[in-house]
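As structure tokens, the structure follows; a few thoughts come after it.
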Amino acid sequence: MPDLMWLECVSSSPDLNPIEHIWDIMSRTIYQRHVAPQTVQELEDALIQVWEEIPQETISRLIRSMPRCYKESNYSTFALNQMIPCQLGACANRRYDANTSYNNSSMTLLNSLTYSRSTLQFAHIINAVPNGDHNLNSLSPRLTVMASSESSAITELCQNGRQVFMDASQLLLTYADNILRSPNEEKYRSIRIGNTAFSTRLLPVPGAVECLFEMGFEEGETHLVFPKKASVEKLRKVRDRIASERDKRLNGSNVAVPAATGSAQQAQSPSLASEIRFFKTLQSNAQHVMMYELPELQQKAREHIPVSELKAKAQEKLQQAKSLESDTSVNEDDFLTLELLCWFKEQFFSWVNNLPCSRCGEQTQAKESLSPSDDDLRWGASRVENHYCNKCQYINRFPRYNDPGKLLETKRGRCGEWANCFTLCCRALGLEARYVWDATDHVWTEVFSSSQNRWLHCDPCENACDKPLLYEVGWGKKLSYIIAFSKDEVVDVTWRYSCKHEDVISRRKDVRESWLRETIAGLNKTNKEKKELLGRLIVEIVEFMSPKTPKPGDLGGRVSGSVAWRVARGETGLQAKSFIFVPTEKEKADKRFHLQYNIVDDRYTRVSNNNEVISGWENGVWVTESICIFGPTEGSSSAKIGWKFECASVGLSIESISVRTSSQTFHSGNINWQLHSQETQVEANADTALHSYPEFGNASDVVLEANLSGGEEDAAWQHTQLFRESLSATEHSLEIIITLKERS
């Protein structure tokens, strides 16, 4: 290209060569594939596919980083002008054409990709120049102003729609406040670029990442880092300005939003960022389920499954069913599904709360996440948990693998790993199955029953089949979006899992319904239309139109995971009954009542009554409102829980009372503990120490009550927590000791 001028000395500068980042994205994406390209042609095909899948917003993010990079690199205006092709304006809108022919060489392909994307990286800036003037000399002052303006990032952030701004600013304030509260904590001074919250809530939002740079964060290879040398005072100033803009919107002030001057600064609609995140989820899951169709993975699964044994059991149970009902419609595949569920839950896969220490065997405690290794990334584990052993100070790594073939080897995980591996096992046995994603943080499988001509809900974590109302009715989940993914189609199956359609509709605010329909239709266009699929869809639509009536089997709470895990998520499904503690004959004789509660084991121990055990927190409470013991149920901003002791009915009164309890609040959350009787009311201390309350001498009853309130916006329910303990804790979360006397 003889008519293009380049400044040779900066060709290796990563600061002014964003294509390096695109290369990194492409290489990582290809490396994470289960089957690596084996030939140059396969590599070319893979590169083309990955290239087309890179979101435009990722490119835009790199474009927006250029003024900062320009400023930090200290290159002169002349150097910048000489480095960029002078004909950039003519190429700025040119995208790579997948139909372009290339030599049979991966290097030729990479060079071609490099040039086309390099010319694209300044497209938004070029388009921002008025009157179509693409002379870079006129652009340089604009870049200089953008780079030197201390308020440009916040100004750009404020140009976003209200909901986008509120979501991004909340996360920015969280990052800043963590550092201000704990400036010496290393974990708060770095943000992993691959972190889900960062990549979905900040990265796509104009001005958001730039605000972090204004605070003082610097860009590393895999993290944004707030260095020791950075000014905490500068971070505080940027943080306060963001908070001020946020307060204006919260208070309903009329905030003037500057008009955009070009395509680089076009404000997003309130739902755009949410729709971008949603689309990424749909696209990722739609692509992931294709792994279940790989012959080598299905064969690997069959090598782990006792196929003959399960089929024999299925045939036996089918014969039993036919002996009871000769014209039964169920077939062998239906019973095979049930046998596979049972085997997977009882014999094959295991649930992970905290790993036992691989060095000493003791229980571990979850700490901050670890960086994934290249091998972790190879198997789709972008997140690695640190299960730390306090006894031997050993770090036990728990990569959250997303490759179903790898999960056949590890045989452990939480609901994501369970559903991922189980769906593969279904496909390996020839069952038609699809992976089901629930926006309220759960996943499971559906298996098609040809005998019943419908899809059956199958949750391997629970060994539950055909209990679609389990989550809403049994666990108490507030459902919104539930999407099923298979090799053939993507389907919104939310209505199968709810008997409260109007409530669900009121919660479906993340994306426009018309957008969701069109997006799913677009994803399904890539699949060949089949008459069989159309028939199934019609049956599903008819099913969705009529809300179901809960059955007894739908009423149970969650059984997978630890008690702490289930209770923390509000999925025990149990409604507390009013319970009053009254002295037993032994306690009357001893004139003493002593109760302890341990959240880890979820049980009361009535020490004063021969260590009687009462399992389940709900079986000892007198009153509850919107509570799931750790805090309010999801979506609630307030809650209440109380325990009551009464002794007048047995001719006794209270001589003294001591109480130990604990709670924690975050942000603006508030918890008020009270002890009260008919005559007296005092505030109770929640500092985990045992405190005496002499005010209740001669009382005939007493109630210990906690009222939870406050917190911020949609996450308010997470900001007040009772009895917060590690899973290895041995201390009692609640303790009540009462000495008694004869009533006068």
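The values are calculated or read from the model by the stated rules, or taken from the named source; none is laboratory data. All values derive from a computational prediction rather than experimental measurement. We place every Cβ from the backbone using ideal geometry, glycine too, and count neighbours over all the protein chains shown. The accessibility values were calculated without ligands, DNA or RNA, using every heavy atom of the protein model including side chains. Shrake-Rupley method; radii C 1.70, N 1.55, O 1.52, S 1.80 Å.
See the values below:
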{"read-out": "Number of the condition not met by Arg383 [criteria: (1) open to solvent by 10 Å² or more (accessible area, probe 1.4 Å); (2) under 20 Å from Thr337 (Cα atoms); (3) not aliphatic (A, V, I, L, M)]", "value": "(2)"}
{"read-out": "Residue check for Leu272: open to solvent by 10 Å² or more (accessible area, probe 1.4 Å), at pLDDT 90 or above, of a type in the set (A, V, I, L, M, F, W, C) and under 25 Å from the mean Cα position of the chain (by Cα)", "value": "no"}
{"read-out": "Residue in segment 473-486 that is among the aromatic types (Phe, Trp, Tyr), in a helix (DSSP H, G or I) and at pLDDT below 90 present", "value": "yes"}
{"read-out": "Enumeration of residues in segment 324-372 that are among the hydrophobic types (A, V, I, L, M, F, W, C), touching a residue at least 40 places away in the same chain (Cβ under 8 Å) and in a helix (DSSP H, G or I)", "value": "Leu336, Leu338, Leu340, Leu341, Cys342, Phe344, Phe348"}
{"read-out": "Ala689 being in a strand (DSSP E or B) and small (Gly, Ala, Ser)", "value": "no"}
{"read-out": "Filtered residues of segment 386-408 (kept if surrounded by fewer than 21 Cβ atoms within 10 Å (Cβ to Cβ), within 20 Å of the chain's Cα centre (by Cα), farther than 17 Å from Thr29 by Cβ and not charged (D, E, K, R))", "value": "Asn386"}
{"read-out": "Residue within segment 413-429 that is without any contact (Cβ under 8 Å) to a residue 24 or more places away in the chain, more than 24 Å from Val511 (Cβ to Cβ) and open to solvent by 10 Å² or more (accessible area, probe 1.4 Å) present", "value": "no"}
{"read-out": "Qualifying positions in segment 644-655 - open to solvent by less than 50 Å² (accessible area, probe 1.4 Å) and polar (S, T, N, Q)", "value": "Ser653"}
{"read-out": "The lone exception for Ile191 - which of (1) crowded, with 18+ Cβ neighbours inside 10 Å; (2) over 19 Å from Arg277 (Cβ atoms); (3) free of Cβ contacts under 8 Å to residues at least 60 places away in the same chain; (4) of a type outside the set (Asp, Glu) it fails", "value": "(2)"}
{"read-out": "Hits in segment 169-188 (condition: of a type in the set (A, V, I, L, M, F, W, C), open to solvent by less than 40 Å² (accessible area, probe 1.4 Å) and either at pLDDT below 90 or farther than 12 Å from Ala243 by Cα (or both))", "value": "Ile179"}
{"read-out": "Residue list for segment 373-390, filter: not polar (S, T, N, Q) and not in a loop (DSSP other than H, G, I, E, B)", "value": "Asp374, Asp375, Asp376, Leu377, Arg378, Val384, Glu385, His387, Tyr388, Cys389"}
{"read-out": "Residue within segment 404-412 that is closer than 18 Å to Ala286 by Cα, out of contact with any strand residue (DSSP E or B) (no Cβ under 9 Å at 6 or more places or on another chain) and not acidic (Asp, Glu) present", "value": "yes"}
{"read-out": "Members of segment 620-629 that are open to solvent by 30 Å² or more (accessible area, probe 1.4 Å) and either touching a residue at least 60 places away in the same chain (Cβ under 8 Å) or over 21 Å from Lys477 (Cα atoms) (or both)", "value": "Trp622, Val623"}
{"read-out": "Selection from segment 207-218 of residues that are open to solvent by 10 Å² or more (accessible area, probe 1.4 Å) and touching a residue at least 24 places away in the same chain (Cβ under 8 Å)", "value": "Glu210, Phe213, Glu214"}
{"read-out": "In segment 667-686, the residues that are closer than 14 Å to Leu722 by Cβ, open to solvent by less than 70 Å² (accessible area, probe 1.4 Å) and outside any loop (DSSP other than H, G, I, E, B)", "value": "Ile671, Asn672, Trp673, Gln674"}
{"read-out": "Residue in segment 398-416 that is more than 16 Å from Ala301 (Cβ to Cβ) and aromatic (Phe, Trp, Tyr) present", "value": "yes"}
{"read-out": "Verdict on Arg434 being part of a strand (DSSP E or B) and open to solvent by 10 Å² or more (accessible area, probe 1.4 Å)", "value": "no"}
{"read-out": "Single unsatisfied condition, Gly476 versus (1) out of contact with any Gly (no Cβ under 6 Å at 6 or more places or on another chain); (2) open to solvent by 10 Å² or more (accessible area, probe 1.4 Å)", "value": "(1)"}
{"read-out": "Segment 333-370: number of residues that are closer than 28 Å to Arg192 by Cα and open to solvent by less than 70 Å² (accessible area, probe 1.4 Å)", "value": "10"}
{"read-out": "Ser450 among the small types (Gly, Ala, Ser) and surrounded by fewer than 19 Cβ atoms within 10 Å (Cβ to Cβ)", "value": "yes"}
{"read-out": "Test result for Glu432, acidic (Asp, Glu) and over 22 Å from Val307 (Cβ atoms)", "value": "no"}
{"read-out": "Among (1) assigned to a strand (DSSP E or B); (2) of a type outside the set (Lys, Arg); (3) crowded, with 23+ Cβ neighbours inside 10 Å, the one test that Pro468 misses", "value": "(1)"}
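Matching residues to (1) without any contact (Cβ under 8 Å) to a residue 40 or more places away in the chain; (2) under 29 Å from Cys342 (Cβ atoms); (3) not acidic (Asp, Glu):
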{"site": "Val447", "(1), (2), (3)": "no, yes, yes"}
{"site": "Asp466", "(1), (2), (3)": "yes, yes, no"}
{"site": "Arg496", "(1), (2), (3)": "no, yes, yes"}
{"site": "Val504", "(1), (2), (3)": "yes, no, yes"}
{"site": "Arg517", "(1), (2), (3)": "yes, no, yes"}
